[in-house]
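Visitor: Take this structure, written in structure tokens, and hold onto it; I'll ask about it next.
The values are calculated or read from the model by the stated rules, or taken from the named source; none is laboratory data. These numbers were taken from a predicted model, which means no experiment stands behind them. No Cβ is skipped: glycine too gets one built from the backbone with ideal geometry, and neighbour counts run over all protein chains shown. Surface accessibility is based on the protein's heavy atoms, side chains included, excluding ligands, DNA and RNA. Shrake-Rupley method; radii C 1.70, N 1.55, O 1.52, S 1.80 Å.
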Amino acid sequence: KAGVTQTPRYLIKTRGQQVTLSCSPISGHRSVSWYQQTPGQGLQFLFEYFSETQRNKGNFPGRFSGRQFSNSRSEMNVSTLELGDSALYLCASSLGGQGNYGYTFGSGTRLTVV
Amino acid sequence: QKEVEQDPGPLSVPEGAIVSLNCTYSNSAFQYFMWYRQYSRKGPELLMYTYSSGNKEDGRFTAQVDKSSKYISLFIRDSQPSDSATYLCATSLMDSSYKLIFGSGTRLLVRP
């Protein structure tokens with residue numbers, strides 16, 4: 001059974017540019033969550049999607065956005081990149097039912113902003 | 001103050017030792033508690049999860065939740081060098097169970 005796939009694995013962007021990251025969840029999983037991981041702040045929740053609807057959003061500026069497609073694949077976009085956006089971006093998928101904690105994480109996309 | 005506090009370590013133990021990893025949290029409304037293991041250059045892997053207070057055991061791993069003191073623990077028996085990783089505790093409210101709040105992680109090194 002394939003795991004959560006995130007592409008690309010590594011990305012280098014210039015300040016001011018925008019970036020799109022992709023996440024393919026485990027087959028049958030309808031919930032996709034995104035997290036940002038940095039040495040200083042640890043893992044922080046960005047947003048969660050279920051059946052193409054955003055159900056919850058973390059405390060990040062509007063430059064961070066996401067969406068989910070009908071096949072449950074998800075993308076997140078960061079516009080007007082800042083140096084502080086350099087981080088490991090992790091995607092996690094689950095079945096999505098209440099109380100289901102079978103979150104499976106991908107290996108992440110490491111974004112470096114220069 | 002962070003909602004979930006965790007000692008970053010590193011924690012270095014000899015092979016075969018019993019390891020105790022701990023977190024404290026501030027919000028008494030948290031109901032779900034999880035432990036994740038993260039190897040270098042990998043995403044977190046779910047090890048254990050518990051609901052409310054109590055103990056849960058799975059092989060060499062035991063998770064404990066004490067809601068009265070807002071304290072969660074993970075014990076690893078007969079630790080192995082392959083257990084060397086960063087261990088993250090996480091928690092969640094009941095009404096937004098799809099948002100996890102993580103501790104900063106404890107780096108564990110098991111020496112052969």
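Visitor: With all protein chains present and a 1.4 Å probe, how do B:Arg77, B:Arg41 order by accessible area, largest first?
Guide: Ranked list, largest accessible area first: B:Arg41, B:Arg77.
Visitor: Please work out the Cα convex hull volume for chain A and give it in Å³ per residue.
Guide: 96 Å³
Visitor: Related question: For chains A and B, what's the summed buried accessible area, probe 1.4 Å, to the nearest 100 square angstrom?
Guide: 1900 Å²
Visitor: With every protein chain present, what is the per residue accessible area of the protein assembly as shown (1.4 Å probe, Å²)?
Guide: Normalised by residue count, the accessible surface of the protein assembly as shown is 47 Å².
Visitor: Additional query: If we count every other residue with Cβ under 11 angstrom of B:Asp78's Cβ, Lys/Arg +1 and Asp/Glu -1, where does the sum land?
Guide: Local net charge: 0.
Visitor: Mind jotting down a quarter of the surface of the convex hull over the alpha carbons of the protein assembly as shown, in square nanometres, one decimal?
Guide: Computing the convex hull of the Cα atoms and averaging its projections yields 12.4 nm².
Visitor: Residues of segment B:81-112 losing 30 Å² or more of accessible area relative to the isolated chain, 1.4 Å probe, heavy atoms only?
Guide: Listed in order, they are B:Ser97, B:Tyr98, B:Lys99, B:Leu100, B:Phe102.
Visitor: Let me ask something additional. Work the Kirkwood hydrodynamic radius out for chain B: mean of 1/r over every pair of different alpha-carbon atoms, inverted, in Å.
Guide: 14.0 Å
Visitor: Add +1 for every Lys or Arg and -1 for every Asp or Glu among the other residues with Cβ under 13 Å from the Cβ of A:Ser22, and state the total.
Guide: Net of charged neighbours comes to +2.
Visitor: Continuing with the same structure: Size of the dipole of segment B:7-112 about the Cα centre, Lys and Arg at +1 and Asp and Glu at -1 on the beta carbon, nothing else charged, in debye to 20?
Guide: In debye, rounded to 20, segment B:7-112 gives about 200.
Visitor: Right, something else. Could you check how much of the accessible area of the protein assembly as shown is carbon and sulfur, as a whole percent, using a 1.4 Å probe?
Guide: Carbon and sulfur atoms account for 48 percent of the accessible area of the protein assembly as shown.
Visitor: Additional query: For the protein assembly as shown, give the magnitude of the charge dipole about the Cα centre (Cβ charges: +1 Lys/Arg, -1 Asp/Glu; no others), in debye to the nearest 20.
Guide: Roughly 500 debye for the protein assembly as shown.
Visitor: Here is a follow-up. Relative contact order, percent, of chain B when contacts are C-alpha pairs under 8 Å separated by at least 6 residues?
Guide: Computed over chain B, the figure is 37 percent.
Visitor: Cβ under 12 Å from B:Thr91's Cβ, B:Thr91 left aside: what net charge do those residues give with Lys, Arg +1 and Asp, Glu -1?
Guide: Overall, the nearby charge balance is +2.
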